[in-house]
2 protein chains.
Amino acid sequence: MVCLGAASTGNVLVWPADHSHWINLKVIMKELTARGHHITVLWPSFFHKTDSSRLPSFHLEEVTVPFPTAEMDALLREFLYLSMYEKPEISLWEFSFRFYHLIMDLFSRNKILCDMVVLNEERMKKLQLAGFDLLIADPLMPCGELVAEKLQIPFVYSFRFSAGNTLERLCGALPAPPSYVPASTSELTDRMSYTERMKNLLFYSLHDFIFHQFILRDWNQYYSDVLGRPTTLCETMGKAEMWLIRTYWDFEFPRPFLPNFEFVGGLHCQPAKPLPEEMEEFVQSSGDHGIVVFSLGSMVQNLTDEKSNMVALALSQIPQKVVWRYKGKRPDTLGSNTRLYDWIPQNDLLGHPKTKAFITHGGTNGIYEAIYHGIPMVGIPLFADQPDNIAHMRAKGMAVELNFHTMTAQDLVEAVNAVIHNSMYKENAVRLSQIHHDQPVKPLDRAVFWIEFVMRHKNAKHLRPAAHHLTWYQYHCLDILAFLTVCTAVFIFSAVKCCMFCCRKCGRVIKKRKTE
Amino acid sequence: MVCLGAASTGNVLVWPADHSHWINLKVIMKELTARGHHITVLWPSFFHKTDSSRLPSFHLEEVTVPFPTAEMDALLREFLYLSMYEKPEISLWEFSFRFYHLIMDLFSRNKILCDMVVLNEERMKKLQLAGFDLLIADPLMPCGELVAEKLQIPFVYSFRFSAGNTLERLCGALPAPPSYVPASTSELTDRMSYTERMKNLLFYSLHDFIFHQFILRDWNQYYSDVLGRPTTLCETMGKAEMWLIRTYWDFEFPRPFLPNFEFVGGLHCQPAKPLPEEMEEFVQSSGDHGIVVFSLGSMVQNLTDEKSNMVALALSQIPQKVVWRYKGKRPDTLGSNTRLYDWIPQNDLLGHPKTKAFITHGGTNGIYEAIYHGIPMVGIPLFADQPDNIAHMRAKGMAVELNFHTMTAQDLVEAVNAVIHNSMYKENAVRLSQIHHDQPVKPLDRAVFWIEFVMRHKNAKHLRPAAHHLTWYQYHCLDILAFLTVCTAVFIFSAVKCCMFCCRKCGRVIKKRKTE
C-alpha cells in the first residue's frame, strides 16, 4: 500500500482581491497558517489594511502603486452611486457606457499594479528566492496566474464567479448548457421558459463578445509581452490546478462541472459566538418577537436621507427589534425598536436563537451566513452579483426580493412579515441549512485539502480536462461535422446525378423502342 | 445553527447484478450492515450463491425464475467462447449478430425476472409492508428503478458504465463532449487525433441508435404497462438520487460530471492481510526477483490447451515466481516457478511487498486493487469493458497490453519484463496509487455517506439537474437556434429585397434622367 503522510508545511504566495473577496480568502489563509504553512500576501497599497493588519501571522508584501486608496475609493463610490441611484434614471446605453468606462479604468489600474510586480526584476527575484510552493489567486482581476507562471509554481483559484461565467467557461473549460445553466448575473434560474432560455443564450453570447472584444485582446498582448512568447490570458488561466468556487449546491442550481472545480461555499461560516453585552441585552429585550438583522454590506456605508428615512419608518412599524448596520446620518424616523451600529458581528447575530429574519443586499458572504444558520431573508440587491444571488435564494424559497429603487416602507414591512410569518420561508431556510451542514467534508477543510494536495504532488493534473488542448471548433467537433456534412452532400449529389443519368438512359431506350 | 445527528438506521432494499458487480456492491452492503442498517437483497434464483451465502447479515429474498443457473452459465460460456476464441475467426457482422442475440436473450430473461417481482402482487405487498427507506440498484440490467418506483421509495445506483455511456448520458443527463470524453468501450483516450475524434463521435451516435432501436422501445412499453401510465425507461432511471460510479480520476480521464454523480472507484480495496502459510512460503522463496500475480478473473476458469501451454511456457522463462489463478487442466509446459490455485487472495497478493507485476484480464475490481497497491500490469483483455480498461491504464503509463488472440510466449515474457524493469511503469503505478489514497474522503465512506444522506433527507433533489425536464431539442437549444435562424434569414431576405428595390428605383431614375 502506498501511503502519504500528513501535509508538510508549505510556502504560499497570495494574490488577493479586496473587500468581501478578501474576507473570504482570509479564512483560508488563517486555516493554512494554523496548519503551519507560511503565507505571503502581495498586498496592493490601495487595499484597505484595517482588517488584514490585524493578522500578524501573514507576511504582507506591499506593492506600491502610483495612485492612492482615496482615488480607488472615489472610483468605488462612483460605481455605487451609478448602480444604486442613477441606474433607474438613465438609459441602459448610458449606464452601460459609464459602467464600461469604470471597468476599463479598474483594468488599467490593475495593469499598473501587475507591472509593479511582474516587471519589477528585483521583486520577482526576491519572490523567486523565497521558494514558494504555490500561489493562491482571486481572479477577480488578472495577474495572479501571470506571477505564478513567471515563478514557475502551480496556482489555485479562490473564485466567486465572472459575469456570464466567461472566465470559468472560456478559460476553465467549464461546460454550461444554456438550456438549464443560467449565466451568472442573468438573474435566471435553472427552470427557464422558452424566452428565458433565449435570453440566457443571448446573455452568454453577449458576454463572450464583450470578453473577446474588450478584455481578451489587451490582456493576451500583455501576457505575451511579459512572458516573451505568444500566449493568451486563457491559456495561462487554464493552467489553474484547482478552482475553489465560493458556492455549493445549497445556493447553486445543479449543473455540470469538472473534477478540478470544488464548490466550497460558506467556508467562512462558523457557529455563533456570544454577542457583546450591550447587544445581547438589546436582543434579549425583543421577547418572543425576536430580532431582525439588517445590513447592506461593508461597501455601502450610508443611504440618501430619503431612503434611510423610508427604511427607518418601515422598520419602526414591525414588532421585532432591529439591529441595523449603518454608518450614515441617523434617520429622523428611526423607531425605538431599531438600533444603529457601525459594525455588527453578523454571523453571531444570524446564529442567535432570537433572530427571525435578515434584511440583506445579497452579498455571497452574508447569504451563506443566513444559509448556515437557516435564517430567511429579505433581499434588497444593489449591484454586481447581488440581484443574481437574491434570484437564487428566491427560487429556492428562502427569500423575498425588493427593488431598492422602487420599494416603499409598506413593501419592506410586508416583506419582513412574510418571511417571518409564512412558514414556507423558514422551512426552506432550514432545509438549505441542513443541506449545507450535511456534507462529507466541510467546505473549509475541502479547500485546504486541495491546496495542500497541490503542494504535496506539485500539481493536480489528473483532474485537468483535455479540453484545454482543443481549439473552440475542435471542442465542438465542428471540423468533424463540416467534413461529415461535405461527405453527405457529395453522396447525395452523386446519388441524384446517378439517378438522373439512369432515368435519362431509360427514357432514351423507351423512346427508341417506341419509335422502332 | 442547524445540525444533523448521526444517521439513524435504515431499511435498504437491493437490486443486485451478478459476478464482479456483486463483489463490489457487497462491500457497500457490508459497510451499511456494520453501521446498523438492515439489508434485504432481491436475489434471482439463477445468481451464484456461494459467495453471498457466506454473509448471514443480509436477508436474501429469493426471486425464483423458470430457468436454472445452468442455463445462464451456458449462456455465459457461449458469450465467453464467442469473445475469446471465435471473434478473430468470424466477420464483424457475424460477431455483432450473435452478440446481439445473446444480449437480447439476456434482456428477455431479465424481463421474466422483473415480471416475477413487479407483477407478483403478493411479493410487492410484502415489500411495501417491509417499509424500505431506499433501494440500491446496479443498473446493468433494468428493473431496480421500476421496483423503487412501484414502492415509491428513493433509489441510488451503484454503476460501472454502459456501452457508449448511453444510460449515463441519455437517462442520467451526464454531459460528454465527444471531442475529449472517449465513449466507454471505445478504447480511446482523452487525447484524440482528428480521426479518433470522428470515431468517437460516430461511436456515440451508433450506440445511441442501437439503444433507441433495440432497447428503449421495448422497455418504455414495459415500464408504461407496469406503471399504468405512459412513461419511459429513461424517465424512471433519471429519478436516481445518486449515481455511485465505480471509478475515480486515477482511472478515468477528467471529464464533466454532475453533482449527483459520485466517483467511488476502488471502494472494495483494503490493506493487504497476511497470505495463507503455504502461499507465503512460496512467495518468500522468490527472493529478490519477487513474484508475478496472474488471474483472468472469476468468469474465465480455463483456457484451451494451446493457450494454456503457451502462457505456461512464457511464465516458465521469467525469473519471478508466479501465482496463477487457474482451474483448468494443468499445462504440460508449466514451469517450476509457477504455481496454480483455484482461488487466490488477489488483494492481499497485490499488496505483498514481493509483488512486482500483475497479469490481468483488466476487470475493474482487479485494476483497482493494482492501483491501490501501486503494481504495474500486463493487460490481456478478453471481453466487455476489459479492452477499454486496459486502454486507460496504458494511456496512464501503468500497463502493457497484449492481444489474447495473437500474442506469443515471447510477447508475454517481454511484456512482463517491461513492466518490471522499465521503471516508468512502476513510477506511474505509484503515482496513481498516491492519487487514489490522497482523497478528502475514502471511496467507500463517500458511497455510504450519500446513501445515508438520501435516507436522512428522503432524497438528494438539490443535486439533480433541471436537464431532466427538457426534451432533447430543448436541451441543445435547437428550438431557439431554429427561431434565430429563421429571424436572421427573414432579416437578410428583407434587406436584400429592400436593396434590390432601391437599386431598381435608382436605376429607373438614372435611366429616366438619361433619356430626358
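The values are calculated or read from the model by the stated rules, or taken from the named source; none is laboratory data. Being a predicted model, the structure only gives us computed values, none of them experimental. Counting neighbours? That spans all protein chains shown, and the Cβs are built from the backbone with ideal geometry, glycine included. Just so you know, the surface numbers come from the protein's heavy atoms only, side chains and all, with ligands and any DNA or RNA stripped out. Shrake-Rupley method; radii C 1.70, N 1.55, O 1.52, S 1.80 Å.
Listing for the model above:
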quantity: Whole-Å distance, taken between Cα centres, linking the range A:470-501 and the range B:287-333; calculated: 51 Å
quantity: Alpha-carbon centroids, the range A:234-278 and the range A:347-386: separation in whole Å; calculated: 17 Å
quantity: Inter-site label distance for A:VAL496 and A:LYS461 at 7 Å from Cα along Cβ, in nm; calculated: 5.1 nm
quantity: Kirkwood Rh in Å, taken over all unlike Cα pairs in the range B:231-390; calculated: 17.3 Å
quantity: Reduction of at least 40 Å² in accessible surface, 1.4 Å probe, comparing all protein chains with the chain by itself, residues of the range B:401-447; calculated: B:GLN434, B:ILE435, B:HIS437, B:ASP438, B:PRO440
quantity: For A:LEU258, net neighbour charge (Lys/Arg +1, Asp/Glu -1) across residues whose Cβ lies under 9 Å away; calculated: +2
quantity: Local electrostatic count at A:GLN270 - Lys and Arg +1, Asp and Glu -1, tallied over other residues with Cβ under 13 Å; calculated: -1
quantity: Within the accessible area of the protein assembly as shown (1.4 Å probe), percent carbon and sulfur; calculated: 57 percent
quantity: Residue-normalised accessible area of the protein assembly as shown, expressed per residue, 1.4 Å probe, Å²; calculated: 44 Å²
quantity: Value of relative contact order over chain B, rounded to a whole percent, pairs C-alpha under 8 Å and six or more apart; calculated: 13 percent
quantity: Interface residues, the range B:462-477 - accessible area loss of 30 Å² or more versus chain alone, probe 1.4 Å; calculated: B:HIS462, B:ALA466, B:HIS469, B:LEU470, B:TYR475, B:CYS477
quantity: The range A:315-344: chymotrypsin sites (Phe, Trp or Tyr not before Pro) in DSSP coil with no more than 14 other Cβ atoms inside 10 Å; calculated: A:TRP343
quantity: Placed amide H near A:VAL63: partners under 5 Å, 5+ positions off or other chain; calculated: A:TRP43, A:SER45
quantity: Whole-number percent relative contact order across the range B:125-167, with pairs defined as alpha carbons under 8 Å at least 6 apart; calculated: 40 percent
quantity: Euclidean distance between Cα centres, the range A:149-216 to the range A:52-121, Å; calculated: 22 Å
quantity: Residue-count net charge about B:GLN434 - beta-carbon cut-off 10 Å; Lys, Arg +1, Asp, Glu -1; calculated: 0
quantity: Threshold 50 Å², the range B:232-265 residues less accessible with all protein chains present than alone (1.4 Å probe); calculated: B:TRP249, B:PRO254, B:PHE257, B:PRO259
quantity: In nm, spacing of pseudo-spin labels at A:LEU80 and A:ASP342 (7 Å Cα→C-beta vector); calculated: 1.5 nm
quantity: For chain B, with +1 on Lys and Arg beta carbons and -1 on Asp and Glu, the positive-most of B:LEU349, B:THR488, B:HIS59 along the dipole; calculated: B:THR488
quantity: Accessible surface buried upon A-B contact (total; probe 1.4 Å; Å², nearest 100); calculated: 5200 Å²
quantity: Calculated FRET efficiency for the pair A:LEU102/B:HIS468, C-beta based, R₀ 60 Å, to 0.05; calculated: 0.90
quantity: At most 10 other Cβ within 10 Å, DSSP loop - GluC sites (Glu not before Pro), the range B:78-172; calculated: B:GLU89
quantity: Approximate spin-label separation B:SER205-A:LYS30, in nm, with each point projected 7 Å along Cα-to-Cβ; calculated: 5.7 nm
quantity: Unit charges on C-beta of K, R, D, E only; dipole of chain A, Debye; calculated: 2780 debye
quantity: Inter-copy spacing of B:ALA489 label points, which lie 7 Å from Cα along Cα→Cβ, given in nm from shortest upward; calculated: 1.6
quantity: Chain A: equivalent-ellipsoid semi-axes (sqrt of 5 x gyration tensor eigenvalues, Cα, Å); calculated: 47, 33, 23
quantity: Dipole moment magnitude, nearest 20 debye, the protein assembly as shown about Cα centre, only Lys, Arg, Asp, Glu C-beta charged; calculated: 3520 debye
quantity: Cβ neighbours within 10 Å from other chains - mean over B:176-184; calculated: 5
quantity: Which of A:CYS502, A:MET198, A:SER186, positive extreme of dipole for chain A (C-beta unit charges); calculated: A:CYS502
quantity: Sites B:GLN152 and A:HIS421, calculated FRET efficiency, Cβ-Cβ separation with R0 22 Å, nearest 0.05; calculated: 0.10
quantity: Sparsely packed trypsin sites (Lys or Arg not before Pro) within the range A:454-493, loop by DSSP, other Cβ within 10 Å at most 14; calculated: A:LYS458
quantity: Other copies of A:ASP305: label-to-label distances in nm, shortest first, labels 7 Å along the beta-carbon direction; calculated: 10.9
quantity: Packing-based order for B:197-210, A:14-27, using average beta carbon neighbours within 10 Å, highest first; calculated: A:14-27, B:197-210
quantity: Relative contact order computed over the range A:277-437 (Cα-Cα under 8 Å; 6+ residues apart), in percent; calculated: 21 percent
quantity: Computed FRET value (nearest 0.05) for B:LEU129 with B:LEU481, which takes r as the C-beta separation and R₀ as 51 Å; calculated: 0.50
